[in-house]
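Below: one structure, written as structure tokens.
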Amino acid sequence: MDVAIYTLGCKVNQYETQAMERELLRRGHALVDFDGPADAYVVNTCTVTAVSDKKCRNVIRRARRSAPDAVVAVCGCYAQMEPEAVAALGVDLVSGSAGRMGFLDKLEELHRRRADRVVSVDPALARREFERLPAGGAAGRTRAMLKVEDGCVNFCSYCIIPYARGPVRSLPLAEAAGQARRLAGEGYHEVVLTGIEISSWGHDLRTGEGLADLIEAVCAAAPGLRVRLGSLEPRTITEDFCRRTAALPDLCPHFHLSLQSGSDAVLARMDRKYDTERYHHSIRLLNGYFPDAGITTDLIVGFPGETQEEFEQTLRFLQSCAFSGVHVFPYSRRPGTPAASMPGQLSKEEKEARARRAIALAAEMEQSWLESRIGRTVPVLFEEEKDGWWQGHAPDYALVRAKGEQLHDRVLPVRIEAVERGALTGRIQ
């Protein structure tokens, strides 16, 4: 069976897609391009915003139109939350955000014997077991992903994901270390620890171990393997966390701390569990223990009720943090969340205007941070050739370009000479 897969959304979805790809190959199937002919089309969906839902529907319709006789199968968070709406698009198999191996079993069965539409979605909030899937990288990727956690219980007022993913479930520490050791043995140079909310790793295991213990175990299990962290809740960053992780030579000094707003009033309406002072405390700790770190964040602008002064507070707070990168999102009304029915919904035009201002400020901060890297020599994991340059990432997640031959999946020292088009350029030493 020729299978084409399209993935929307976060790194967890990317991880789960690569796990399905590995399993399909193990079962003797072939992976083909989504834009070409296939026996089956799989869409792994995202539902973080209403815009995400629309993108999912468009991709599903595209698959159904292009291949009316193929099996179209949909899984992921949008399918979890809206299974009947997905099925109504002419989908043959609808699954949710769990049970990936069972999903592939049903896909094979439908390919062998076309039958009535199958909708198989479990209640996410009732989940208690961590779903074990093979770690690794998607086809052609240089870094592997290791999913160590699933689920979230923060219930931020704008977010549907706790309902789509269920409560926190963690991969036990010994198993995570063992998978990291295996990935290093397969030749990967870097692994990304990912999850829906990795800061909550271990809460369900009741062993007293937390994220710092996990990171130490993974680094010890695979010396020389670069370890990169997924998004962190700001309160994860404590003196103890920084002291322990700063002692790990293979931990990449890049930290993505979700912010969402620089206004305490907006953070309260969002039901975030910190204020700007606690967030800034995390920034100060990271800068103290990791002086060369890249610190990135996410920002939502135009949240319901956000006044002009609250937005200006956010811009001032961004500047005080001197981020190396900021992902800016205009607030997107997500049905089913408390924020969707809050008063003070801003117009699309106002949200987009605020996003443009925040993006401009983010670009200035990024440029300044990149320029501070000139003159340094950094180890770069090269990933692909583009426009005559090989490019990859330094440990601090700066994008680096250099000239060379056949550099894919190699880690080489590069002396940084300039900043061009949002990336560092340099010479291989």
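None of the figures in this text is laboratory data; all of them are computed from the coordinates on show. Model, not experiment: these values are computed from the prediction. Please note: Cβ atoms are built from the backbone with ideal geometry, for glycine as well, and neighbour counts cover all protein chains shown.
Given +1 at the Cβ of Lys and Arg, -1 at the Cβ of Asp and Glu and no other charges, the dipole of the chain around its Cα centre is 380 debye to the nearest 20.
I want the antiparallel fraction of DSSP beta bridges within the range 377-428, as a percent rounded to 5. Bridges in the range 377-428 that DSSP calls antiparallel: roughly 85 percent. Restricting attention to the chain, lysine pairs at least eight places apart or on different chains and with alpha-carbon atoms under 21 angstrom apart total 8.
Each helix, a run of at least 4 DSSP H residues, gives -39500 (n - 2.57); summed and divided by the residues of the chain, these come to -11000 deg cm²/dmol at 222 nm. Specify the residue with the greatest mean-square fluctuation among 93, 25, 315, computed from a Gaussian network of the chain linking alpha-carbon atoms under 10 Å apart. Between 93, 25, 315, it is 25 that shows the largest mean-square fluctuation. Shape class of the range 2-122 from the Cα gyration tensor (axes a ≥ b ≥ c, square roots of the eigenvalues): rounded, since a/c falls below 1.5. Look at the dipole of the chain built from charges on Cβ: of 341, 133, 266, the Cα furthest out on the positive end belongs to 133.
The simple Förster model, with R0 at 35 Å and r as the Cβ-Cβ distance, assigns residue 364 and residue 411 a FRET efficiency of 0.70.
Across the range 377-428, the relative contact order, built from alpha-carbon pairs under 8 Å that are at least six residues apart, equals 36 percent. For the chain, the share of alpha carbon pairs falling in successive 10 Å distance bins from zero is 4, 20, 29, 29, 16, 2, 0 percent.
Sequence-distant contacts, meaning Cα pairs under 8 Å at least 6 residues apart, place the relative contact order of the range 2-122 at 23 percent.
Taking 213, 116, 35 as the candidate residues, the one with maximal mean-square fluctuation in a Gaussian network model of the chain, Cα springs under 10 Å, is 116. Here the range 377-428 is treated as a Stokes sphere of Kirkwood radius computed over C-alpha pairs; at 10 °C and 1.306 mPa s its diffusion coefficient rounds to 153 µm²/s.
Once you reduce the range 272-314 and the range 141-197 to the center of their Cα atoms, the two points are 24 Å from each other.
Classify the range 91-162: rounded, prolate or oblate, from the alpha-carbon gyration tensor (a ≥ b ≥ c, eigenvalue square roots; a/c under 1.5 rounded; otherwise prolate if a/b is larger than b/c)? Oblate is the answer for the range 91-162, as a/c is 1.5 or above yet b/c matches or exceeds a/b.
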